[in-house]
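Have a look at the structure below, then the notes.
The values are calculated or read from the model by the stated rules, or taken from the named source; none is laboratory data. Since this is a predicted model, take the numbers as computed values, not measurements. Glycine gets a Cβ as well: all are built from the backbone with ideal geometry, and neighbour counts include every protein chain shown.
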């Protein structure tokens, strides 16, 4: 019998985030005012959704076409154009299904829990949160909204995600370039096992379009430490490649290559102004989220 899925939102983690807000690192041309949405609505801003009329609502915002169709009063709600939108990009490719220890989360489950926690924080702040699930293409998306009931479709999409296919993060970059007409915060959750060697340069394209990019680099401890000793058959989770090797014989070479790669990822991210955090799946979520949010608080001050 398969082990039941753990809930994406951990009340203990959310309690630790309660006093924090997710902010952008800097104000750009007066538009990126931090991920803190103004609660005000008006006509000179972007239409968000309808809600049923209640006493105290502005009569001038009644949608008379909706009244003629449904015989009920509905009020148009709008989002201020200065509100920042956030896109949570979660890598759902085959390699994200890996976990060395059955007692731990897979990389996809860990990434989804991180994304869900930040979506919760954004919605609580009345900010617009959206979701992009990517494999070799954009597998699913939830457009950003700033309404209280918008958390449910994001959680539903994350809970339904299954790791599969190859990694192609550039598909998500192209999707955001096409769909994000306003400056946004783009938060990427991936192991970066992407055959496109210049994927960080691709992510930097979003920065050149004035989007702010954060990369949560999600890896299993076994990928970082290579604890294998005996002869082991290593199988690719994204294609049919396989390698049989004696763990002790290849550990040193593997770790040297890994550390060079991680150094290159960090250096390239810094050069591209991509905020970077290495996330081990054996660490509590708050050990990733609290330093990240505290760092944002300091940089936005």
* Asked: In this structure, is residue 128 in contact (Cβ under 8 Å) with a residue 24 or more places away in the chain, at negative phi and surrounded by 18 or more Cβ atoms within 10 Å (Cβ to Cβ)?
  -> yes
* To do: Output the residues belonging to segment 158-178 that are touching a strand residue (DSSP E or B) at 6+ places or on another chain (Cβ under 8 Å) and farther than 18 Å from residue 107 by Cα.
  => 171, 172, 175, 176
* To do: State whether the residues of segment 232-239 include one that is in a helix (DSSP H, G or I) and at pLDDT below 95.
  => no
* Asked: If you go through segment 144-157 one residue at a time, do you hit one that is surrounded by fewer than 18 Cβ atoms within 10 Å (Cβ to Cβ), touching a strand residue (DSSP E or B) at 6+ places or on another chain (Cβ under 6 Å), closer than 21 Å to residue 218 by Cα and at pLDDT 95 or above?
  -> no
* Any chance residue 211 is under 21 Å from residue 88 (Cα atoms), surrounded by fewer than 17 Cβ atoms within 10 Å (Cβ to Cβ) and modelled with pLDDT of 85 or more -> no
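For segment 55-70, which positions are in contact with a strand residue (DSSP E or B) (Cβ under 8 Å, 6 or more places away or on another chain) and either outside any helix (DSSP H, G or I) or modelled with pLDDT under 65 (or both)? Give the steps one after another, and end with the answer.
Step one: filter segment 55-70 for residues in contact with a strand residue (DSSP E or B) (Cβ under 8 Å, 6 or more places away or on another chain), giving 57-58, 61-63, 66-67.
Of everything in segment 55-70, those that are in contact with a strand residue (DSSP E or B) (Cβ under 8 Å, 6 or more places away or on another chain) and either outside any helix (DSSP H, G or I) or modelled with pLDDT under 65 (or both) turn out to be 57, 58, 62, 63.
If we keep just the residues of segment 185-208 that are outside any helix (DSSP H, G or I) and either over 20 Å from residue 112 (Cβ atoms) or not assigned by TED's automatic domain parsing to the domain that holds residue 141 (or both), which is modelled with the lowest pLDDT? Break it down stepwise before answering.
Our first condition is that a residue be outside any helix (DSSP H, G or I); within segment 185-208, this holds for 185-198.
This time we only want the ones that are either over 20 Å from residue 112 (Cβ atoms) or not assigned by TED's automatic domain parsing to the domain that holds residue 141 (or both), so: 195-198.
Values: 195: 86, 196: 85, 197: 78, 198: 85.
Only one residue tops the list, namely 197.
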